[in-house]
Amino acid sequence: AGALHLPMVMHVGEMHGYMNLYNNGFSGGLVAIIIVALVRDLKPGLIEEEIRY
């Protein structure tokens with residue numbers, strides 16, 4: 001996740017007007033979306049198995 005997060009922090013500033021306060025959280029959210037999508041594609045059922053209501 002860190003390998004994706006650092007470059008993304010450096011380049012997403014233009015999306016919200018270079019407000020550095022929001023770079024880390026916004027980039028972290030985008031990285032989480034990418035990682036969850038990859039895990040769901042590569043190992044279907046893994047996330048659903050761990051979450052039991």
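Quick notes on this one:
- Residue ID - surrounded by the fewest Cβ atoms within 10 Å (Cβ to Cβ), chosen from residues in segment 10-33 that are of a type in the set (A, V, I, L, M, F, W, C) and not in a helix (DSSP H, G or I): MET19
- Filtered by the rule that a residue be exposed (fewer than 12 other Cβ atoms within 10 Å of the Cβ) and of a type in the set (Lys, Arg), segment 34-45 gives a lone residue, LYS43.
- Looking only at residues in segment 23-53 that are under 9 Å from the mean Cα position of the chain (by Cα) and among the small types (Gly, Ala, Ser), the one that is modelled with the lowest pLDDT is SER27.
- Pair list, Cβ under 8 Å, 6 or more apart: segment 18-41 residue without any contact (Cβ under 8 Å) to a residue 12 or more places away in the chain, other residue small (Gly, Ala, Ser) and surrounded by 11 or more Cβ atoms within 10 Å (Cβ to Cβ): MET19/GLY13; ASN20/GLY13
The values are calculated or read from the model by the stated rules, or taken from the named source; none is laboratory data. Here the structure is a predicted model, which is why all the values come from computation and not from measurement. Note: ideal-geometry Cβ built from the backbone for every residue, glycine included; neighbour counts use all protein chains shown.
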